[in-house]
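The values are calculated or read from the model by the stated rules, or taken from the named source; none is laboratory data. Everything numeric here is computed off the predicted structure, so don't read it as measured data. No Cβ is skipped: glycine too gets one built from the backbone with ideal geometry, and neighbour counts run over all protein chains shown. Just so you know, the surface numbers come from the protein's heavy atoms only, side chains and all, with ligands and any DNA or RNA stripped out. Shrake-Rupley method; radii C 1.70, N 1.55, O 1.52, S 1.80 Å.
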Amino acid sequence: MNTRESQLARLAEQEPFDIIIVGGGASGLGIAVDAASRGYKTALFEWYDFAKGTSSKSTKLVHGGVRYLQQGDVKMVKEALRERGLLEQNAKHLFKRQEFIIPNYSWWGGYYYTIGLKLYDLLATKFSLGKSQLISKQKTIKALPTLKRDGLHKGVSYFDGQFDDARLAVNLAQTAAEQGALVMNHMRVVGLLSNEDGSAAGIEVKDMETEQVYTVRSKVVVNAAGIFTDKVLKLKDPNHKKTVVPSQGVHLVLDREFLQSDTALMIPKTSDGRVLFIIPWNGKVLAGTTDTLIKKPKIEPVALESEIEFILETIGAYLTRAPERHEVRSVFVGLRPLAKPKKDETNTKEVSRSHKILSEQGVVSIVGGKWTTYRKMAEDVVDTIIKDYNFKPAVSVTKSLPIKGNISEQKESGLPHLQMYGSLLETYLDFESSKAEYAEKIHPDYPFTQGQVVWSAREEMARTVEDVLARRVRLLFLDARAAVDAAPVVANLLAAELNKDQSWQDQQLKSFNDLAAQYMLD
């Protein structure tokens, strides 16, 4: 991986690019990989860290969307199922085939969902992950021992994909860099440059660590800023009209005892008509999500009390023991950047999850979409650039391009917290064994080590305590209080690695503790 110093040196040379991408979430990183692998000179700048926003706060599912099938959006489901299959093929180290069970508390429910899920299987074609089937009450209880049994008739079993969103973002950044792209986090785009005819000519970008501003020229600017898409467009046109409707999704993380299973539970119709998932994830249980319209986007949105209560009540209605507030280990919230419909919608269930591409005067914006279809979204954006801005045509290769860390087959290593390194696992283990302290844990209750912190800085572009604990080892998402306890060790290791002083450590700890407080209940 290029060092930050070498990346900044490249910036200082003022080399012009074909494409500059603003935003390092799922969309932006996917576009960087697609554009660079086609041979276009590409740069990407992310204000915070890769996947800091919505892209690290998903339900961790790679899926066609069972509820979109209910809404009749067959085209979108079919595309997402194909993309799910391609992700399994290209990032096997981060992908898991996950069984879900829908419990049926009415005699007809099982038949209704079985028919729908058979269509789901059919649409997946060769990318099917396993057959859906109606199962008995006994089999349902055996698979989900903490499920309420009163009134239970049967269950429907089906398969979908699970992944680690933030880790995929890191690997996409590494893949784009390997393809020749300049990929940088903690770089805020503060201005758009224009030619005499008003078309985009590049950007001004500020290094958030040094405050230095760089001028970077390009033929096209891609706006992949997610919930902040409109902010970027306003840099060019202060009168620009709104294109994004932010919708808030809340997730609660609980201890494994609430599910006691490797099988996930899907609640098909909650009190407000949505679906809710209870999923095993990294030794914990993830429950979510909500869908609440938000007026003003924030990089760290806060869960509403009504959303927390809704998830806890819904879980309590299906599990033998309802979780209490103090048993929530972490609460995280993401904002979906939904494409604004022609008519104003107050019900975000009805706002399409499909993506839109807006192209005008050298600025190409990608709005909407979801993690599952990130690759196809990226391909569509680069195809649009070729068509609209007379780029020399080149075909996308990402359908078969392995993502950094990809392996030929998923094997259990006996080290689940290191599975995410994939093909780099042996290299990492050699590194960890190079110093005795690297094998020491950063928290007694979790397996993450000091070596992983140093590796994050050297190999994965981590620059802050939050980068490490939120998106490289995910401890903030698994247990916010444990992450606070581990933060001083992480700050000390990073300071040594990044050549920072004590005041930097103090500032880092204050910043991280303030953030972690938002991930805790009570």
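A few points about this structure:
- Here segment 286-430 is assigned +1 on the Cβ of each Lys and Arg and -1 on the Cβ of each Asp and Glu. Its dipole about the Cα centre then comes out at about 540 debye.
- Reducing segment 417-494 and segment 11-56 to their Cα centroids gives an inter-centroid distance of 25 Å.
- The dipole here belongs to the chain: it is taken about the Cα centre, uses +1 on the Cβ of Lys and Arg and -1 on the Cβ of Asp and Glu, and is about 1960 debye.
- Segment 42-85 - accessible surface per residue (Å², probe 1.4 Å): 29 Å²
- Estimated from helical segments only, the mean residue ellipticity of the chain at 222 nm is -10500 deg cm²/dmol, where each DSSP H run of four or more residues counts as -39500 (n - 2.57).
- Just so you know, the Cα atoms of segment 1-55 work out to an Rg and Dmax of 11.6, 33 Å.
- Over segment 174-221, relative contact order from alpha-carbon pairs under 8 Å, at least 6 apart, %: 28 percent
- Geometric descriptor of segment 436-499, per residue, is 69 Å³ (volume of the convex hull of the Cα atoms).
- Under 5 Å between amide hydrogens, built in the peptide plane, is the criterion, and for Ile135 it picks out Gly155, Val156, Ser157 among residues at least 5 positions away or on other chains.
- Separation between Cα centres of segment 278-336 and segment 139-155, rounded to whole Å: 23 Å
- Full extension of the segment from Asp485 to Ser408, taken as 0.36 nm per residue of separation minus the current Cα-Cα distance, would add 24.0 nm.
- Segment 43-180: equivalent-ellipsoid semi-axes (sqrt of 5 x gyration tensor eigenvalues, Cα, Å): 34, 17, 13
- With every protein chain in place, the chain: carbon and sulfur % of accessible area (1.4 Å): 51 percent
- Hydrodynamic radius by Kirkwood, which averages 1/r over all alpha carbon pairs of segment 375-522, in angstrom: 17.7 Å
- Diffusion of segment 266-393 by Stokes-Einstein, at 37 °C in a medium of 0.692 mPa s and with Rh set to the Kirkwood radius over alpha-carbon pairs, works out to 187 µm²/s.
- Residue-normalised accessible area of segment 413-522, given per residue in Å² at a 1.4 Å probe: 42 Å²
- Net charge of neighbours whose Cβ lies under 10 Å from the Cβ of Gln450, counting Lys and Arg as +1 and Asp and Glu as -1: -1
- For segment 391-522, the relative contact order comes to 16 percent (Cα pairs under 8 Å, sequence separation of at least 6).
- Neighbour net charge for Ala462 - beta-carbon separation under 11 angstrom, K R +1, D E -1: -1
- Under the simplified labelling scheme, the Tyr105-Arg217 pair shows an inter-label distance of 6.6 nm, with each label point 7 Å from Cα along Cα→Cβ.
- Protection proxy ranking, highest mean first, for peptides 432-445, 72-85: 72-85, 432-445, where packing is the per-residue count of other beta-carbon atoms within 10 Å, averaged.
- Charge dipole (the chain, unit charges on Cβ, about Cα centre) - positive-most of Ala483, Thr372, Leu192: Thr372
- In whole angstrom, segment 189-283 maps to an equivalent ellipsoid with semi-axes of 44, 19, 11, each derived as √(5λ) from the alpha carbon gyration tensor and ordered largest first.
- Ratio Rg/Rh, restricted to segment 106-201 and using Cα atoms, in which Rh is the Kirkwood radius: 1.31
- Dimensions (Å) - the chain, Cα atoms, principal axes, largest first: 69, 55, 44
- Formal net charge of residues neighbouring Glu204 (Cβ-Cβ distance under 11 Å; K, R +1; D, E -1): +3
- Sequence-distant contacts, meaning Cα pairs under 8 Å at least 6 residues apart, place the relative contact order of the chain at 19 percent.
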